[in-house]
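For reference, the structure is listed below as structure tokens.
The values are calculated or read from the model by the stated rules, or taken from the named source; none is laboratory data. Here the structure is a predicted model, which means the values were calculated and not measured. Don't worry about glycine lacking a Cβ; one is built from the backbone with ideal geometry, like all the others, and counts go over all protein chains shown. Ligands, DNA and RNA are stripped out before the accessible areas are found, and what is left, the full protein with its side chains, is counted by its heavy atoms. Shrake-Rupley method; radii C 1.70, N 1.55, O 1.52, S 1.80 Å.
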Amino acid sequence: MATNLLKGKRGIIFGALNEESIAWKTALMAHEEGAEFVLSNAPIALRMGKIKELGEACNAEVIPADATSVEDLENLFNKASEILGGKIDFVLHSIGMSPNVRKGKTYGDLNYDWFHKTLDISAMSFHKVLQTAEKLDVMNEWGSIVALSYIAAQRSFSHYADMADAKALLESVARGYGARFAAKKVRVNTISQSPTVTTAGQGITGFDDFFNFADQLSPLGNAPSEECAKYILSLFSDYTRYVTMQNLMHDGGFSTCGITEEMMETLAKARQK
């Protein structure tokens, strides 16, 4: 049930590809809560996805932008401010891609050119978004900028390869720029989400097995993408004005749980076979 949580707020949402993506669900909910925003994704993603349908559903313009290009980002922020009629209140960075993961490269056999692309697309782009927003002075006081991360920034997950390094960098950027942007009363956070059934997630080798493992190890189970979207909206709202420079776990308890009864039962059944 909508409550006008974001009424009067303006924003930019990066990374909506299709109905499965967290950015897509965030956009729909933000629209229901009264926000106005523009949608953006890389030109190739616009051709592959269905973001124009989302734009129509949310009455939002779609502005192509390669988030690794400062020139594209400058154009995006300037156009967004013009379209929305003022400064920006929120930004969602839902961008991540690893050529090494897509090609099945292990952490000990990385293609370094691809590694650079992973870092640029998945983490350095966040710094570019933040730096561009600051230099253009487009953020309102008490604005909120959120990026999606994953616990592989702190723990080892073999099939996540160089994306783990990218997420670690992403979270470091949030801390560094959170401290810097505090002077303008803008907060910067990352959300470490459960394994989620999205186009990006399913590109990881063994995703289904890991999804089930995480679900059993999380006392509340894996957090659905719809619930992550709600969490993002709470960070866009005025109820979280003093939350900044944090990596916020949204994982059903996975990050702090040793073992669950369900996992113990699964292990016991495996021994009996």
Can you pull out every residue in the range 4-44 that is assigned to a helix (DSSP H, G or I), within 16 Å of Phe90 (Cα to Cα) and of a type outside the set (S, T, N, Q)?
Ile22, Ala23, Trp24, Lys25, Ala27, Leu28, Met29, Ala30, His31, Glu32
Look through Asp113, Asp165 and report the one residue that is surrounded by fewer than 18 Cβ atoms within 10 Å (Cβ to Cβ) and farther than 20 Å from Ile232 by Cβ.
Asp113
Taking the range 235-248 and keeping residues open to solvent by less than 60 Å² (accessible area, probe 1.4 Å) and in contact (Cβ under 8 Å) with a residue 60 or more places away in the chain leaves Leu235, Phe236, Ser237, Thr240, Thr244, Asn247
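Would you confirm whether any residue within the range 138-145 is within 18 Å of Phe207 (Cβ to Cβ) and open to solvent by 30 Å² or more (accessible area, probe 1.4 Å)?
Within the range 138-145 (the criterion being within 18 Å of Phe207 (Cβ to Cβ) and open to solvent by 30 Å² or more (accessible area, probe 1.4 Å)), the answer is no, since none of the residues qualifies.
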Selection from the range 9-62 of residues β-branched (Val, Ile, Thr), within 23 Å of Gly86 (Cβ to Cβ) and surrounded by fewer than 15 Cβ atoms within 10 Å (Cβ to Cβ) yields none
When the range 54-72 is checked residue by residue, the ones that are touching a Gly at 6+ places or on another chain (Cβ under 9 Å) and free of Cβ contacts under 8 Å to residues at least 60 places away in the same chain are Glu61, Val62
Output the qualifying pairs, or none if there are none: Cβ atoms under 6 angstrom, residues six or more apart or on different chains, first residue in the range 211-232 and surrounded by fewer than 17 Cβ atoms within 10 Å (Cβ to Cβ), second residue part of a helix (DSSP H, G or I) and not polar (S, T, N, Q).
Glu226/Lys25
Can you name the helices (runs of 4 or more DSSP H) wholly within the range 45-158 that have at least 2 residues being touching an Asp or Glu at 6+ places or on another chain (Cβ under 9 Å) and under 20 Å from Gly178 (Cα atoms)?
125-136
The lone condition Gly176 fails out of (1) surrounded by fewer than 21 Cβ atoms within 10 Å (Cβ to Cβ); (2) without any contact (Cβ under 8 Å) to a residue 60 or more places away in the chain; (3) closer than 25 Å to Asp109 by Cα is (3)
Which pairs do you get when a residue that is on the phi > 0 side of the Ramachandran plot, found in the range 249-260, comes within reach of a residue that is among the polar types (S, T, N, Q), reach meaning Cβ atoms under 7 angstrom, with the pair 6+ apart or on two chains?
Gly252/Ser194; Gly252/Ser218; Gly252/Asn222; Gly253/Ser218
Cross-chain or 6+ apart pairs with Cβ under 9 Å, the range 39-51 first and of a type in the set (Lys, Arg), then assigned to a loop (DSSP other than H, G, I, E, B) and surrounded by fewer than 18 Cβ atoms within 10 Å (Cβ to Cβ):
Lys50/Asn18; Lys50/Glu19
